Amino acid sequence: MAENRTHEPEPNPNGSQGSGSTSAKARRSGVRISPIAVAASLIYGVLAAYIFCFSGSFGQIGRYWWYDIALITITVTASLSLAYVSLLLISHARRRDVEPGDPSAFSWHFLIPCRDEESVIAETVSSARTSFPQAHIWVIDDASEDSTALIVRDVMDVDARTHLISRVLPEARTGKGKALNAAYRIVSEYVGPQTTERERAVIGVLDADGFLSENALDVLSGPSGFGDETLGAAQLEVWMKNRSDRRPRPGRGRFINAVGRFLVRMQDIEFRTSNSAMQQLRVATGTVGMGGNGQFTRLSVLDTLDEAHGEPRGNKLSEDYELGLNILSTGARNGYLPQAHVSQEALPHFRRLLTQRTRWAQGVMECASILPTLRRSRALGPSGFAEIHYFMSQPWLMMLNLVLIPTLIWVAVSEGSFGFLDDVSTWLTLLAGLVFVVLPYALWGPLYRRWSSEPIGRVSALLLGLGYLVYVYFTYFYYPRAIARMATGRNSWAKTKRNADGVLSTSTFTPAALQLLPLLDQQSLADLAEELEGRDEYAAEIVSRFSLIWPRRLATLQRTVAAEDSVEIGDAIASIRVSATMVGAKRLQVAAEDFTTMVETGELEAARSALPRLARVGDDTVTEIRGRFLDLPTRGQH
């Protein structure tokens, strides 16, 4: 493999350091904007102009100057919106596989910013370390008030590649960007000053609930990833890991859970279709944006930003998108790789979702201040310039629509312009317009079925597409809130609560029958050591591995039970049962056998109720292993 280093474009004749040709970047990635998309945008423009301006359905043009301006504004915004969606649909339909690479050509460092994440951090670190043993995990504890740091220290006892970065007040809780900058300094020192090591180091950022797909580093190492030395940063596709949860709101009624399932599924569709398509379009325009979860950047690129700005990351509410824009302004290239993914929690709570999206929207609007620098860098071609400015203008265009469309409808109705009762041509015109407005959004449902391999029928896919059209209008709730926060100077970080916060996932007691069984069978451990050539250190390594992987095994079982998938539940509990037998965890072994019986006899409700007790036994087993076999204390409640 060629030596990996940050691409530094040669200065152009006028002295700027831009890439000079976005189309050249698009050709390297094999992606182009199809002429079909241009034709579609023209068709949409003509239809929108006819429906709103010339059909007479919304009144006659030429009567009032303000009315004409409103009609023309809606015509332009509708044309742009529909053309943009058509571009996304075409981009999404043309996705393809990529060639994997060799992860050992790079050094990998995952940063996980945390603030009060005790409900999820154990399984996240466990998943990352057991899936990617070559990676270093850096947990950034931002002055948590719960046991987040203690849980991480417990993992550090049995794993040398897990690290804790503790931030304390007043420096702590000053924004995600500040926390990541503090981690950059520490990781930078750990990597060392050698140029070759810094050039091969890749820094990833995961949410505290983020799980990477098993092929993530293979894809990131390939010729479409960091195997291409011109790539400065890459973003993976995002999935919702609780998309199959049948009861996303435990303890609530059927209606609330139905609404929760709808919100969760819509977020999965959003990220895996329209958001993914937007990023694939940006591959062609050279404007790929970074997200807060599943982003990876060369350490050498962060070094360049640190030299230019005093620190690699800014502190806007969407510091991830800000980072992507700053990378582009250096002349480096951002990539998007939907062939691998990162999973995170979807929010089944409307209020929490509103809080999250308001923060995201405000953060993106704050990034408009970077556009002058990006324009001066000449890093973007015409298509990139158009895409990024349209994306930035969407909140304001939506606010215009929110005001103008009801106004025009009210005027048209009050003046009798609709003629619904006696004008068939008006009905046909409006219905035709409705088809062209609804169809581009409704298609995301069938595309989701095709690309996601989710067990969804054709009719359900169509209904999901129509539901997604409704979900899209959720933006009219959070954009006004984001604009109001900006107008009043409020930019504080509102942390989104985890779904597991406040939910009892581990029982506070163990049934008497199980208490009669030993947590660990010392003879089984002795037999294990004897089988391993009498080497106690080998046995210690196995039980350490058991302790490290236990949170991941438990989380997998919890998700399969939530999805009520008997086959997947059987596989998950079998993994726990076999590992318990191997290390002589008798109590956990019997608890897993009892759980297996419930599943095999179809008693899923009983299995769901037994899950906290199984979790209690597993946690007690890990505590016992640490105390008796590894001579380690247990600090955190996992």
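The values are calculated or read from the model by the stated rules, or taken from the named source; none is laboratory data. All figures in this text were calculated on a predicted structure; none of them were measured in a lab. In this analysis, Cβ positions are derived from the backbone assuming ideal geometry, glycine residues included, and neighbour counts consider all displayed protein chains. Heavy atoms of the whole protein, side chains included, go into the accessibility calculation; ligands, DNA and RNA do not. Shrake-Rupley method; radii C 1.70, N 1.55, O 1.52, S 1.80 Å.
In the stretch 596-638, the residue that is farthest from the chain's Cα centre (by Cα) out of those that are of a type in the set (Asp, Glu) and not in a helix (DSSP H, G or I) is Asp631.
Between Ala216, Ala183, Ala201, the distinction of being among the hydrophobic types (A, V, I, L, M, F, W, C), over 25 Å from His309 (Cβ atoms) and open to solvent by less than 20 Å² (accessible area, probe 1.4 Å) belongs to Ala216 only. Residue by residue through the stretch 589-612, note down the ones that are within 24 Å of Arg545 (Cβ to Cβ) and either without any contact (Cβ under 8 Å) to a residue 40 or more places away in the chain or open to solvent by 50 Å² or more (accessible area, probe 1.4 Å) (or both). Selection gives Gln589, Ala592, Glu593, Phe595, Thr596. For Gly192, state whether it is over 24 Å from Met290 (Cα atoms), free of Cβ contacts under 8 Å to residues at least 40 places away in the same chain and open to solvent by 30 Å² or more (accessible area, probe 1.4 Å). Taking the combined requirement at face value, the residue does not satisfy it.
Within the stretch 305-320, the set of residues being buried (at least 20 other Cβ atoms within 10 Å of the Cβ) and either at pLDDT 95 or above or among the charged types (D, E, K, R) (or both) comprises Leu305, Pro312, Arg313, Lys316, Glu319, Asp320.
In the stretch 222-244, the qualifying residues are those that are hydrophobic (A, V, I, L, M, F, W, C) and surrounded by 23 or more Cβ atoms within 10 Å (Cβ to Cβ), and the one that is nearest to Ser453 (Cα to Cα) is Val238. Which one is farthest from Ala78 (Cα to Cα) among residues in the stretch 362-406 that are surrounded by 15 or more Cβ atoms within 10 Å (Cβ to Cβ) and among the β-branched types (Val, Ile, Thr)? The selected residue is Ile370.
Listed by first and then second residue, the pairs linking a residue in the stretch 151-164 that is over 16 Å from Trp550 (Cβ atoms) to a residue that is open to solvent by less than 30 Å² (accessible area, probe 1.4 Å), with Cβ atoms under 6 Å apart and 6 or more places separating them unless they lie on different chains, are Arg161/His136; His163/Trp138; Leu164/Val139; Leu164/Val152. Among the conditions (1) surrounded by fewer than 20 Cβ atoms within 10 Å (Cβ to Cβ); (2) closer than 21 Å to Leu469 by Cα, Val264 misses just one, which is (1). Looking only at the stretch 63-110, count every residue that is open to solvent by 40 Å² or more (accessible area, probe 1.4 Å) and within 30 Å of Glu197 (Cβ to Cβ) and tell me the total. Adding up the residues that qualify gives 5.
Residues in the stretch 559-582 that are over 24 Å from Gln344 (Cβ atoms) and surrounded by fewer than 23 Cβ atoms within 10 Å (Cβ to Cβ): how many? Within the stretch 559-582, residues that are over 24 Å from Gln344 (Cβ atoms) and surrounded by fewer than 23 Cβ atoms within 10 Å (Cβ to Cβ) number 9.
Where residues in the stretch 352-361 are touching a helix residue (DSSP H, G or I) at 6+ places or on another chain (Cβ under 7 Å) and of a type in the set (A, V, I, L, M, F, W, C), which of them is most open to solvent (accessible area, probe 1.4 Å)? Filtering the stretch 352-361 for residues that are touching a helix residue (DSSP H, G or I) at 6+ places or on another chain (Cβ under 7 Å) and of a type in the set (A, V, I, L, M, F, W, C), the one most open to solvent (accessible area, probe 1.4 Å) comes out as Leu354.
Between Arg185, Arg153, Arg129, the distinction of being in a helix (DSSP H, G or I), out of contact with any strand residue (DSSP E or B) (no Cβ under 9 Å at 6 or more places or on another chain) and of a type in the set (Lys, Arg) belongs to Arg185 only. Being over 27 Å from Trp239 (Cα atoms) and modelled with pLDDT of 95 or more is the filter here, so list the residues in the stretch 169-192 that pass it. Result: Ala182, Arg185, Ile186, Val187, Ser188, Glu189, Tyr190, Val191, Gly192. Out of the residues in the stretch 291-304 that are within 13 Å of the chain's Cα centre (by Cα) and open to solvent by 10 Å² or more (accessible area, probe 1.4 Å), state the one that is modelled with the lowest pLDDT. Selected residue: Gly292. Looking across the stretch 329-346, the residues that are touching a helix residue (DSSP H, G or I) at 6+ places or on another chain (Cβ under 6 Å), of a type in the set (A, V, I, L, M, F, W, C) and at pLDDT 95 or above come down to Leu337, Ala340, Ala346.
Evaluating Val342 against the criteria (1) closer than 30 Å to Glu229 by Cα; (2) open to solvent by 50 Å² or more (accessible area, probe 1.4 Å); (3) β-branched (Val, Ile, Thr) leaves one unmet condition, (2).
Of the listed requirements (1) closer than 25 Å to Ser609 by Cα; (2) surrounded by 20 or more Cβ atoms within 10 Å (Cβ to Cβ), Asn257 misses just one: (2). The set of residues in the stretch 454-493 that are in contact (Cβ under 8 Å) with a residue 24 or more places away in the chain, assigned to a helix (DSSP H, G or I) and within 30 Å of Arg173 (Cβ to Cβ) comprises Thr475, Phe477, Tyr478, Tyr479, Pro480, Arg481, Ala482, Ile483, Arg485, Met486.
A quick yes/no check of all residues on (1) closer than 18 Å to Glu568 by Cβ; (2) modelled with pLDDT of 95 or more; (3) aliphatic (A, V, I, L, M):
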{"site": "Thr581", "(1), (2), (3)": "no, no, no"}
{"site": "Lys586", "(1), (2), (3)": "no, no, no"}
{"site": "Phe595", "(1), (2), (3)": "yes, yes, no"}
{"site": "Ala606", "(1), (2), (3)": "yes, no, yes"}
{"site": "Pro612", "(1), (2), (3)": "no, no, no"}
